[in-house]
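Since the structure comes first, as structure tokens, the remarks are kept for the end.
What follows draws every value from the coordinates through simple rules; no lab data is involved. Computed from a prediction, not measured in an experiment: that's the story for all the values here. With ideal geometry, Cβ positions are generated from the backbone for all residues, glycine too; neighbour counts draw on all protein chains shown.
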Amino acid sequence: MRFLPTFKKSCSFERWLILADHLKPHMDKHGLKLIVAMQSDDGTKIYDLGEAETMEGFEAFVSDPDVIRMRKEVGVNTDSQQVINSIGDFTSS
């Protein structure tokens, strides 16, 4: 399943990308894949298109204490995380 979540952050986009790289082992463990990420114009939010093998894997990832700690350490407001919608077909050029 593909999904579009968003969350607030206080770190730079570059720092968040480093975090995403460091979270890759946790994402792999829970069956998640980051397809694309983008930042809001004002730099306060991330929107990312992700894919999960199961919804349980996504829920396990966002509730993993190590993931929560790593995200908070760089300035992610974990309480602000919300899934905007599930995603069907998409294309990239």
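Got the relative contact order for the chain handy, in percent, Cα pairs under 8 Å and 6 or more residues apart?
RCO, the chain: 47 percent.
In nm, to one decimal, how far is the Asp28 label point from the Val83 one, both placed 7 Å along Cα→Cβ?
Those two pseudo-labels are separated by 2.4 nm.
What net charge is computed for the residues neighbouring Gly75, neighbours being all others with C-beta under 14 Å from the C-beta of Gly75, Lys and Arg scored +1, Asp and Glu -1?
Taking every other residue near Gly75 into account, the sum is +4.
Report the local net charge at Asp64: Lys and Arg +1, Asp and Glu -1, summed over other residues whose C-beta lies under 11 Å from its C-beta.
Net charge around Asp64: +1.
Can you match Cα extents along the principal axes in Å to one of these, (i) 31, 30, 21; (ii) 46, 24, 21; (iii) 40, 24, 23, based on a calculation from the structure here?
(i)
Which residue, Gly57, Ile18, Gly31, has the largest displacement toward the positive end of the dipole of the chain when charges sit on each Cβ (Lys, Arg +1; Asp, Glu -1)?
Of the options given, the answer is Ile18.
Between Leu17 and Ser40, 0.36 nm times their residue separation minus their Cα-Cα distance comes to what?
This chain segment gains 6.9 nm when fully extended.
Take the Cβ-Cβ distance between Lys8 and Arg69 as r, set R0 to 22 Å, and report the resulting FRET efficiency rounded to the nearest 0.05.
0.80
Let me spell out the model: positive unit charges on the Cβ of Lys and Arg, negative unit charges on the Cβ of Asp and Glu, origin at the Cα centre of the chain. What dipole size does that give, in debye rounded to 20?
Here the size comes out at about 220 debye.
Amide H of Asn77: which non-local residues (sequence gap of 5 or more, or other chain) have their own amide H closer than 5 Å, using H built in the peptide plane?
Those lying under 5 Å, H to H, from Asn77 are Lys8, Lys9, Ser10.
When the helix-only estimate is applied to the chain (DSSP H runs of n ≥ 4, each -39,500 (n - 2.57), divided by the residue count), what is the mean residue ellipticity at 222 nm, nearest 500 deg cm²/dmol?
After summing the helix terms and dividing by the residues of the chain, the value is -10500 deg cm²/dmol.
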